[in-house]
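Working notes for the structure below.
Every number in this text was worked out from the coordinates using simple rules, so none of it is lab data. Here the structure is a predicted model, which means the values were calculated and not measured. Positions of Cβ are generated from backbone atoms using ideal geometry, with glycine treated the same way; all protein chains shown enter the neighbour counts.
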Amino acid sequence: MKFNTKVIHGKQKHEPATGAVMVPIYQTSTYAQASPGKHKGYEYSRGENPTREALENAFAAIENAKYGLAFGSGLAAIDCVIRLFKPNDHIIAGDDLYGGTYRMFTKIFSKYGLTFTFVDMNNPENVSKAITKNTKMIWLETPTNPLLKVADIVAITKISKENKLISAVDNTFATPYIQNPLDLGADIVMHSATKYLGGHSDLVMGALMLNDDKLYEQLKFTQFAAGAITGPMDSFLAIRGVKTLAIRMERHSSNGMAVAQFLESHAKVSEVFYPGLQSHPNYEVAKKQMRSFGGMLSFKLKDNSQAAAFKLLENLKVFTLAESLGGVESLANHPSTMTHASIPEPERLKIGITESLIRLSVGIEDVEDLLADLENVLKMV
């Protein structure tokens with residue numbers, strides 16, 4: 001089954017009682033039993049819910065996975081993965097990481113004895129050098145948030161397998177439309193489904209997809225026991241979002257490329273971070289493992305001041321200044337004061353998150369309107 005068909009029909013079935021084409025919203029917390037312990041596969045909605053089950057099947061289908069799991073947020077999905085480990089276990093992650101992930105690793109799980117090393121994954125050798133006798137997992141984010149670094153998934157998951165480590169990939173920016181990390185050797189794929197999978201800025205959700213039976217049983221148990229599940233209404237909205245993922249990503253990608261090329265040629269811009277540009281340091285890797293390059297990009301102004309960035313962001317008309325990404329509308333973000341404020345300033349500056357860095361989530365509007373909006377605000381800085 002091809003991807004455009006899979007997002008609509010993959011692992012889905014019509015509701016058997018009525019033949020409903022769309023899965024109903026099973027807005028229930030519990031289920032009747034004929035006799036104690038005798039039920040139709042559903043007992044309590046923290047464990048199982050038919051609407052969430054349909055969503056998890058859809059998640060699995062689009063990532064070419066055996067299993068899918070849905071959570072109340074992307075961070076809840078990451079939390080479930082990290083609970084696989086115990087004190088003194090070591091995890092390697094990229095140095096350019098979503099601020100919430102960095103905060104979870106360093107402020108929450110470090111208190112329980114887990115250790116983390118952050119390396120530049122542009123070069124797989126940095127991963128090999130960071131492995132210790134206590135290393136248990138390599139956590140990749142590719143492309144990264146907010147600098148759009150691209151890690152070589154095949155090379156890094158090969159290192160992981162050689163050292164008997166778990167490899168997990170945050171595939172939020174790319175989506176399954178653009179790349180499939182499980183097919184490239186990863187053990188677990190994670191998404192903030194709040195973003196492109198939902199696609200309409202109207203839900204908060206996380207997802208895990210995987211093939212390994214043992215890992216699935218461990219993660220499924222934690223999902224049930226810790227309870228960070230998504231509800232039936234949000235599950236329904238996410239199923240609807242998945243069905244339009246392919247056509248949305250086509251427009252996100254074409255608009256993203258046009259905006260990146262426009263900014264790269266603009267006199268007020270010093271640097272553009274977009275994996276589809278030949279100037280990107282890992283362009284060849286991106287071209288190898290990505291089918292297109294998506295709608296996420298970042299850029300720096302030649303005036304490297306916060307004031308210049310704020311002036312630009314405050315005067316946008318079509319782009320909306322807001323947290324998050326991946327919706328149909330175009331969004332602009334100032335990482336150092338918004339999404340990545342939880343990363344200490346020295347660490348932000350070290351990896352290149354400066355005061356003039358602006359992140360764009362390029363939506364599906366007419367690209368001429370987006371370019372005109374950027375042209376108008378760039379005249380002001």
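Side notes on the structure shown:
- When the range 51-152 is reduced to its Cα atoms, the Kirkwood hydrodynamic radius in Å: 14.9 Å
- Computed over the range 62-122: relative contact order in percent, which uses C-alpha pairs under 8 Å that are six or more apart: 38 percent
- Packing-based order for 202-212, 183-193, 331-341, 263-273, using average beta carbon neighbours within 10 Å, highest first: 183-193, 202-212, 331-341, 263-273
- Per-residue ³J(HN,Hα) for the range 120-131, Karplus 6.51 cos²θ - 1.76 cosθ + 1.60, θ = phi - 60°, Hz, x for Gly and Pro: 6, 8, 4, 10, x, 4, 5, 5, 4, 5, 8, 6
- Length-normalised contact order of the range 51-160 in % [C-alpha pairs under 8 Å, at least 6 apart]: 25 percent
- In order through the range 180-191: 3J(HN,Hα) via Karplus (6.51 cos²θ - 1.76 cosθ + 1.60), integer Hz, x for Gly, Pro: 10, x, 4, 5, 9, x, 6, 8, 9, 10, 10, 9
- Crossing angle, helix 245-264 versus the chain [Cα axis fit, 0-90 degrees, rounded to tens]: 20 degrees
- Here each label is just a point 7 Å from Cα along the line to Cβ, and for Thr320 and Lys13 those points are 3.9 nm apart.
- Helix 367-378 vs. the chain, principal-axis angle (Cα, 0 to 90°, nearest 10): 50 degrees
- Lys164/Asn88 FRET efficiency (R0 22 Å; Cβ-Cβ; nearest 0.05): 0.85
- Taking amide H atoms as placed 1.01 Å from N in the peptide plane, the amide H of Gly72 lies under 5 Å from those of Gly206, Ile229, Thr230, each 5 or more residues away in sequence or on another chain.
- Stretching the chain fully between Gln33 and Ser128 yields a gain of 28.9 nm (0.36 nm per residue, less the alpha carbon separation).
- Table column - 3J(HN,Hα) (Hz), the range 320-328, Karplus curve with 6.51, -1.76, 1.60, x for Gly and Pro: 10, 6, 6, 5, 6, 5, x, x, 5
- Considering all C-alpha pairs of the range 236-381, those separated by over 28 Å amount to 18%.
- Helix 232-243 and the longest principal axis of the C-alpha atoms of the chain enclose an angle of approximately 60°.
- Alpha-carbon Rg with Dmax, taken over the chain, Å: 20.9, 73
- Residues whose placed amide H lies under 5 Å from that of Val169, excluding near-sequence neighbours: Leu140, Ile188, Val189, Met190
- The aspartates and glutamates within cross-link reach of Lys129, meaning a Cα-to-Cα straight distance under 18 Å and a gap of 8 or more places when in the same chain, are Asp89, Asp95, Asp96, Asp120, Asp152, Glu162.
- A simple spin-label model places pseudo-atoms 7 Å from Cα toward Cβ; at Leu349 and Asn4 they are separated by 5.0 nm.
- Over the chain, relative contact order from alpha-carbon pairs under 8 Å, at least 6 apart, %: 17 percent
- Long-range amide H partners of Val269 with built H, under 5 Å: Lys302
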